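In what follows, a single structure is set out as structure tokens and then discussed.
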Amino acid sequence: MGFRTIAAFAAAALLLCAGGGGGRAEYVGGTMAEFENTGPGTLRVTGERGFLFQTRRVEIEVPYDRVNLLEYGQQASRRYALAIAISPMLLLTKKRAHFLTIGFTDDDGKQQAMVFRVDKNSIRALLVSLEAKTGRRVEYQDAEARKAGAGE
């Protein structure tokens, strides 16, 4: 285990002990119609039984033992609008969106999925915490996602 991996685990443990253990997230797709158009929320992994996703209007708790998929990926987009308005140099920068997909079975035994856009400052701690609590390994969409998720 490398130093960065150990540091990521330590950071996640500190967040959990400090009552953090979560971050800003926005439901962007999946099978949970009640979350569509609810705006941003909070994804918390501090519960002993399950993780909680909560918006101003709706919340759901999913038991860790029902989670059967953890997938992380990024989408990079160039900042064309800002480049036109401010500086062509902004074409050289990328804005990355961080996406976490969580698959699970509901109370009726049906497969469900939730896709979240997660705050970049929270993604590493969320991934480490979810792996530890669910016993599942995160599947990375590509090498860039693996690099960002592992803190390399």
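The values are calculated or read from the model by the stated rules, or taken from the named source; none is laboratory data. The structure presented is a predicted model; accordingly, all values stated were derived computationally and were not measured.
Quickly run through region 126-152 and pick out the residues that are hydrophobic (A, V, I, L, M, F, W, C) and modelled with pLDDT of 90 or more. Of everything in region 126-152, those that are hydrophobic (A, V, I, L, M, F, W, C) and modelled with pLDDT of 90 or more turn out to be LEU126, LEU127, VAL128, LEU130, ALA132, VAL138. Screening ARG57 on (1) modelled with pLDDT under 85; (2) not in a helix (DSSP H, G or I) shows it passes everything except condition (1).
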